[in-house]
Each structure stands twice: as C-alpha cells, then as structure tokens.
Ligand code: GLN
C-alpha cells in the first residue's frame with residue numbers, strides 16, 4: 001500500500017465536499033440535550049496520509065463531541081496496557097446485532113459475547129484502564145486520545161454535564177455489567193469516566209489524524225510518535241470493522257471495506273491501512289445513528305482513491 005497522489009486526493013475531497021454540501025437528510029441526535037443544539041450545517045472533511053500530508057475541505061476548526069468514536073481509543077489503551085487477549089476475553093469481539101445501548105444485548109449472553117463499540121462493552125473497557133483513582137484513569141485516557149490526535153484535547157463541559165444529567169440508561173448498563181461480573185468494581189465510576197470520554201471535543205482534522213495513526217501502524221504521521229504497538233493495530237481495526245457503525249456495520253463494510261467508527265456527535269473516521277485516515281463531521285444522523293453526509297463523503301473519497309483494502313489492484 002502507498003499513500004494516494006496529492007492531486008487525486010484534492011480532487012476527491014473537494015468533489016465530495018461540494019456534492020454533499022446541499023444534502024440535508026437526517027437529524028441531530030437529541031437524546032443528549034446538548035447535541036440537539038449543535039449547528040446541523042457544520043460540515044468538514046479531513047484526510048491525513050501515512051506520510052503526513054493533510055487535506056481538508058469545509059469547517060475543520062469547529063469541534064463536536066467525539067462520542068462513540070472514543071470507544072476505539074479506550075479499547076486501544078486497554079490493548080496497549082494489557083494485550084489483545086484482554087479485550088478478546090472481555091467484553092469480547094463479536095457483533096451484538098442490537099442497538100448500541102441495548103440491554104437485550106447484555107442479557108443475551110450474560111454480559112459476554114459482545115464488543116467494545118457498544119455501550120456495555122465500552123463502559124467495561126473504560127473500567128479496565130489502569131490507574132488507582134478517577135483522576136489518574138481519566139488523565140491516562142485523555143492523554144492517550146491526545147497522542148492519537150497530535151494535540152492536547154479537552155472535554156466540552158456542556159456536553160458532559162448534559163449527558164451526565166440524562167444518562168440513567170448507561171448507569172443501568174454499567175451496573176448490569178457489574179452484576180454479571182464483567183466490570184470488576186466501581187461501575188458508576190466507569191460510567192462517569194465513559195461519559196466524560198464521550199464529551200471530548202474534536203475537529204475533523206483531529207479525527208483524521210487519529211485514523212491516520214491507525215492507518216500508519218500505530219505511529220502518528222504528524223508527530224512521529226508510536227502510540228500503539230504495530231502488532232496491536234489489526235485487532236483494533238477488526239473490532240471497528242465488525243461493529244464500528246452499529247447495526248449498519250455490514251452495509252458500511254460492503255460499500256467501502258474500511259474499518260470505521262461513528263459517533264452521535266456527527267463524526268465518522270475511517271482507516272485505509274497503509275494509505276490514509278479520513279474523517280468527516282456533519283451532525284445530522286440517519287436512523288441507525290450514523291452521520292448521513294459523513295458516510296457518503298467518506299465512501300466516495302475512499303473509493304476514488306482505491307482505499308478499500310480488500311480491492312487489490
Ligand atoms: N455517549 C453516547 C452514549 O453513551 C455515545 C453513543 C454514540 O455515540 N453512539 O449514548
């Protein structure tokens with residue numbers, strides 16, 4: 001694999017930006033009150049190649065909350081600290097076939113046979129990050145995200161407050177995973193740290209750099225820092241491919257072949273191994289909870305640049 005030619009990337013990024021600028025399908029998430037307030041017109045695209053070139057279109061300065069995209073990087077942190085077997089054992093690496101905050105998915109296998117991209121598995125992964133107290137665990141998570149993004153990140157406090165006040169369902173999920181012994185202790189602490197990690201502010205360039213770090217064998221192509229061991233990258237990408245776009249992960253993989261992750265803040269990032277990371281932010285979501293414009297723009301750009309790792313040319 002080699003990074004795509006600059007002229008081809010510029011053409012593909014600009015074409016997708018223009019093509020979907022006037023598309024107004026979907027709706028902001030509103031079950032977290034603060035997300036309903038985000039400007040639905042916000043639209044930005046960024047692509048970062050494994051050799052560190054950055055291409056952008058639209059608004060790449062405005063931040064949205066990272067939301068479920070954070071799940072990838074907390075899982076990566078657990079794998080980095082404890083090895084891939086830890087995540088394989090708990091919460092597992094299989095699709096649930098259920099929505100991301102499903103209680104049924106927990107009951108199906110008593111908290112097992114799931115993955116770190118759905119809420120019960122993600123809260124479990126957060127509970128597995130090393131550290132002796134809240135601040136230490138949280139600090140490790142936030143710093144780790146910053147290593148992927150190539151800059152220090154911070155929480156959007158209003159989003160955190162809004163979700164913390166309304167996340168009774170996630171609190172129940174955390175406690176249920178504790179009851180099944182999948183979370184070892186402090187389920188409420190794990191859920192709260194999880195809520196905070198979901199409120200980290202990111203722009204499209206941050207997300208694309210995070211994806212590019214995974215595309216580049218775990219080395220951030222902008223800072224040159226090795227963030228995740230190269231050996232562990234395939235495991236992270238496998239879980240993204242299995243469950244990164246919730247219940248539409250199969251459709252997404254069929255159309256693009258790309259390991260990806262979406263969040264209800266409106267971001268999606270995707271990884272073309274050995275080539276590039278790409279991200280789009282646009283808050284309106286489809287029925288499955290995935291950004292409408294982001295899916296279309298990433299699919300167009302990646303397919304124009306031969307980004308599908310299954311398509312050998
Ligand atoms: N913080 C959100 C939640 O737990 C994240 C969900 C998402 O982005 N799918 O519900």
- Looking across the range 15-65 at residues that are more than 18 Å from residue 296 (Cβ to Cβ) and assigned to a helix (DSSP H, G or I), the single one that is nearest to the ligand (Cβ to nearest atom) is 35
- Task: Quick one: which residue in 214, 156 is at pLDDT 95 or above, under 30 Å from residue 1 (Cβ atoms) and in contact with a strand residue (DSSP E or B) (Cβ under 8 Å, 6 or more places away or on another chain)?
- Result: 214
- State whether the residues of the range 173-190 include one that is modelled with pLDDT of 95 or more, closer than 17 Å to residue 76 by Cα and either buried (at least 16 other Cβ atoms within 10 Å of the Cβ) or assigned by TED's automatic domain parsing to the domain that holds residue 117 (or both). yes
- Name the residues in the range 290-310 that are in contact with a strand residue (DSSP E or B) (Cβ under 7 Å, 6 or more places away or on another chain), part of a loop (DSSP other than H, G, I, E, B) and surrounded by 21 or more Cβ atoms within 10 Å (Cβ to Cβ), would you? 290, 307
- If you check residue 305 against the conditions, is it touching a residue at least 12 places away in the same chain (Cβ under 8 Å), over 16 Å from the mean Cα position of the chain (by Cα) and more than 16 Å from the ligand (Cβ to nearest atom)? yes
- Query: Is it fair to say residue 287 is more than 20 Å from residue 73 (Cβ to Cβ), within 16 Å of the ligand (Cβ to nearest atom) and over 15 Å from the mean Cα position of the chain (by Cα)?
  - Reply: yes
- Message: Looking for something free of Cβ contacts under 8 Å to residues at least 24 places away in the same chain, in contact with a helix residue (DSSP H, G or I) (Cβ under 6 Å, 6 or more places away or on another chain) and in a helix (DSSP H, G or I) - is there at least one such residue anywhere in the range 190-211?
- Response: no
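Test residue 223 against the criterion of being assigned to a loop (DSSP other than H, G, I, E, B), surrounded by fewer than 24 Cβ atoms within 10 Å (Cβ to Cβ), in contact (Cβ under 8 Å) with a residue 40 or more places away in the chain and not assigned by TED's automatic domain parsing to the domain that holds residue 99, and give yes or no.
So residue 223 passes the test.
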- Query: For the range 158-172, which residues satisfy the criterion of being crowded, with 17+ Cβ neighbours inside 10 Å and within 14 Å of residue 122 (Cα to Cα)?
  - Reply: 170
- Query: Residue check, residue 246 against (1) surrounded by fewer than 18 Cβ atoms within 10 Å (Cβ to Cβ); (2) under 24 Å from residue 63 (Cα atoms); (3) touching a residue at least 60 places away in the same chain (Cβ under 8 Å), all met but one. Which one?
  - Reply: (1)
- Filter result for residue 163 (under 20 Å from the mean Cα position of the chain (by Cα), assigned to a helix (DSSP H, G or I) and within 16 Å of the ligand (Cβ to nearest atom)): yes
- Task: Would you point out the residue of the range 104-126, among those that are surrounded by 15 or more Cβ atoms within 10 Å (Cβ to Cβ), touching a residue at least 24 places away in the same chain (Cβ under 8 Å) and more than 18 Å from the chain's Cα centre (by Cα), that is farthest from the ligand (Cβ to nearest atom)?
- Result: 112
- From the list 274, 265, which residue is in a loop (DSSP other than H, G, I, E, B), in the same structural domain as residue 24 (by TED's automatic domain parsing), modelled with pLDDT of 95 or more and crowded, with 24+ Cβ neighbours inside 10 Å? 265
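The values are calculated or read from the model by the stated rules, or taken from the named source; none is laboratory data. Given the structure is predicted, the values throughout are model-derived calculations rather than measurements. Note: ideal-geometry Cβ built from the backbone for every residue, glycine included; neighbour counts use all protein chains shown.
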